[in-house]
Amino acid sequence: MLESVALHEPLDDKNPFFAWMVAEVFLNTNGHSMHYEPEEALALVMRARHKGARVQELAAQLRAWTTD
């Protein structure tokens, strides 16, 4: 979801923040909380947005931040 929202830009403004919130809410809803630095989260979204990160990299980073 993070990659899809980041790439398709459903909003006129603040798409990177929206993409991150969608990903975080999805994980939270499924019982996963995360601990991360906001700058690192934004950098991950921007890599996804500019196709600099594959889905596997996004998943690995999200897993690293997960604190179940």
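Could you identify the single residue in 19, 6, 53 that is among the hydrophobic types (A, V, I, L, M, F, W, C), without any contact (Cβ under 8 Å) to a residue 60 or more places away in the chain and part of a loop (DSSP other than H, G, I, E, B)?
53
For residue 68, state whether it is touching a His at 6+ places or on another chain (Cβ under 8 Å) and open to solvent by 90 Å² or more (accessible area, probe 1.4 Å).
yes
Out of all the residues in the stretch 56-68, which are part of a helix (DSSP H, G or I) and in contact (Cβ under 8 Å) with a residue 12 or more places away in the chain?
Correct list: 58, 61, 62, 65.
Could you list all residues from the stretch 22-50 that are assigned to a loop (DSSP other than H, G, I, E, B) and surrounded by 11 or more Cβ atoms within 10 Å (Cβ to Cβ)?
Within the stretch 22-50, 32, 33, 36 qualify.
The values are calculated or read from the model by the stated rules, or taken from the named source; none is laboratory data. In this text, all values refer to a predicted model and were calculated from it rather than measured experimentally. Quick reminder, even Gly has a Cβ in these numbers, built from the backbone with ideal geometry, and neighbours come from all protein chains shown. Accessible surface is based on the protein model in full, side chains and every heavy atom, while ligands, DNA and RNA are left aside. Shrake-Rupley method; radii C 1.70, N 1.55, O 1.52, S 1.80 Å.
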